[in-house]
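Colleague: Below you'll find the structure I mean.
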Amino acid sequence: MRKFSMIVGALALGAAVAVQAAAPADVVEARHKEYKEMGKAMKETAGSFKSGAPDAALIKANAAIIASKADKIPGWFPVGTGPGVGTKNEAKAEIWTDKAGFAKAAADFSSAAKGFKAAADTGDMAAAGKALGALGGTCKGCHEKFKTKD
Amino acid sequence: MICMTETKTIRLWDLPVRLFHWITVLLVAGLWVTHVTDHMGLHIKLGLAMLFLVTFRILWGVLGSETARFASFVRGPAAIRAYLASGRKADGSPVVGHNPLGALSVIGLIGILAVQVGLGLFASDTDGIYYGPLNQYVSYDRAELLTHLHEFGFNLILLLVAVHLGAITYYAVKKKDRLIPPMVTGKKTYAEPVEQPRGAPLWRLAIALLLAGILTYWVGNGGHFIAPPKVTADAGY
């Protein structure tokens, strides 16, 4: 029994190491994909608002997508995935040199994303629109400091 | 043979053509700078101004004074060959206005500006922060493609501007024909008498400005004449 749990433990450890050892280029590509999914959710949301007749269900679904990813952002930037690693890497070195600043920007975004989701969940589109504005501000605020231009 | 209407100094370019030209120069520079320095909110506003200008110029190419009209200067291969051979029209008379070769440059520049501004209307950054005014009518993936084309299109503008400046320099140095002063003053003096090109009445200018203004208003309003109720308190983040 003990031997069995040791094997399980070793396998789990091996899996954890394998995850940690994901090639930096793959990490860069994976986070690029995550950000694009958020960008798509932002676009669909903003488009729905701009139509003048916001689709509450669509906005709620997209708010959930953004909120589900927001907390994960700090984990997308392990050391060793900075500028020059992989393709489509728009991360600035400041992410790692100004750790506190980046953590704060990510936290601001996360709290705005949750605020937007909460507003969208109530179905109050005026409140959701306002929360979306605040959310967009936190996207922009972080990108200005920590993201290179496309 | 000198007709009564022929004179050596003529009004070559009307004021709308000259204003279009120089405001376009400023706007292209401004659009470039706002992109490079990441002032995309302003970039999008200048883009709307560009839409107005290029739409106006296309309308003026139909409604405007003689030298502004596409029909007066866009010519076929035979006229281009004759111009290349003699520097004159096929009948030997001097070219007044855009020459048959330069016409290609004019069409190319106005055309690429129109395409470029059209692409920009649907463009967006990948993060969904900045949007062209008609972006909501295309999917995210389509917008991404159009945005890439918009970025690529600027290279073509740079190329055509380089050709344009090269041609101006060539005319000034080799042919001793300075093209810039007439584009500023509107007047040009020829070595021989030429016919004064026909101008355009103000009502035609009013129509062109009005139509370009209506299109720009509609686009700027996100494809509406009456803006839909604004739900976002501060969508202009």
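All of the numbers you see were taken from the coordinates with simple rules; none came from a lab. These numbers were taken from a predicted model, which means no experiment stands behind them. Cβ coordinates were reconstructed from backbone atoms using ideal geometry, including for glycine residues, and neighbour counts include every protein chain displayed.
Colleague: Hey, what did chain B get for relative contact order, percent, Cα under 8 Å, at least 6 apart?
Modeller: Relative contact order of chain B: 32 percent.
Colleague: Pick from B:Thr37, B:Thr169, B:Thr216 the residue whose mean-square fluctuation is largest in a GNM of chain B, springs joining Cα atoms under 10 Å.
Modeller: Comparing B:Thr37, B:Thr169, B:Thr216 in a Gaussian network model of chain B, the most mobile one is B:Thr37.
Colleague: In peptide A:37-46, how many Cβ atoms from other protein chains are near each Cβ within 10 Å, on average?
Modeller: Across the residues of A:37-46, the mean count of other-chain Cβ atoms within 10 Å is 6.
Colleague: Just to compare against my own numbers: the Cα pair-distance distribution for the stretch B:1-118, 10 Å bins, whole % per bin, please.
Modeller: Computed distribution, short to long bins: 12, 36, 29, 16, 6, 1.
Colleague: Also: For the stretch B:149-160, just list the computed ³J(HN,Hα) in residue order, Karplus coefficients 6.51, -1.76 and 1.60, θ = phi - 60°, integers in Hz, with x standing in for Gly and Pro.
Modeller: Computed from phi, the couplings for the stretch B:149-160 are 5, 4, 5, 5, x, 4, 4, 5, 4, 4, 4, 5 Hz.
Colleague: Using the Karplus curve 6.51 cos²θ - 1.76 cosθ + 1.60 with θ = phi - 60°, work out ³J(HN,Hα) for each residue of the stretch B:26-32 in order, rounded to whole Hz, and write x for Gly and Pro.
Modeller: The phi angles translate into 5, 5, 4, 4, x, 5, 5 Hz.
Colleague: Take every Cα pair under 8 Å in the stretch A:23-146 that's 6+ residues apart, average their separations, divide by the length, and report that relative contact order as a whole percent. Before the final figure, lay out the partial values.
Modeller: Values: 124 pairs, mean separation 35.8, N = 124.
So the answer I get is 29 percent.
Colleague: Continuing with this model, one more query. List A:Met42, A:Met125 from most exposed to least, where exposure is judged by having the fewest other Cβ atoms within 10 Å.
Modeller: A:Met125, A:Met42
Colleague: If you line up the Cα atoms of the stretch A:45-103 on their principal axes, what length do they span on each, largest first, in Å?
Modeller: Extents along the principal axes: 44, 21, 18 Å.
Colleague: From zero outward in steps of 10 Å, how is the percent of C-alpha pairs of the stretch A:19-150 spread across the bins?
Modeller: The percentages, shortest bin first, are 13, 42, 30, 14, 2.
Colleague: At what distance in nm do the modelled label points of B:Ala71 and A:Lys72 sit from each other, each positioned 7 Å from its Cα along Cα→Cβ?
Modeller: About 6.2 nm, to one decimal.
Colleague: Another one. Taking every residue in B:117-129, how many Cβ atoms of other protein chains lie within 10 Å of its Cβ, on average?
Modeller: Counting other chains' Cβ atoms within 10 Å and averaging over B:117-129 gives 5.
Colleague: Tell me whether the stretch B:126-237 comes out rounded, prolate or oblate; compute the Cα gyration tensor, take square roots of the eigenvalues as a ≥ b ≥ c, and use a/c under 1.5 as the rounded threshold.
Modeller: Oblate, since a/c reaches 1.5 and b/c is not below a/b.
Colleague: Quick one: if you stick a label point 7 Å off each Cα along the C-beta vector at A:Thr87 and B:Lys187, how many nm between them?
Modeller: For A:Thr87 paired with B:Lys187, the spin-label model returns 6.0 nm.
Colleague: Separate question: Just counting partner chain Cβ atoms within 10 Å, what average do the residues of peptide A:125-132 show around their Cβ?
Modeller: 4
Colleague: If the viscosity is 0.890 mPa s and the temperature 25 °C, what translational diffusion coefficient in µm²/s does Stokes-Einstein give for the protein assembly as shown when Rh comes from Kirkwood over Cα pairs?
Modeller: Roughly 99 µm²/s, to the nearest whole number.
Colleague: Shifting gears a bit: Once the convex hull of the C-alpha atoms of chain B is built, how many Å³ does it hold per residue, rounded to a whole number?
Modeller: 139
Colleague: Next question, about the same structure. Give the aspartates and glutamates reachable from A:Lys92 as a straight Cα distance under 13 Å; neighbours fewer than 8 places away on the same chain don't count.
Modeller: A:Glu144, A:Asp150
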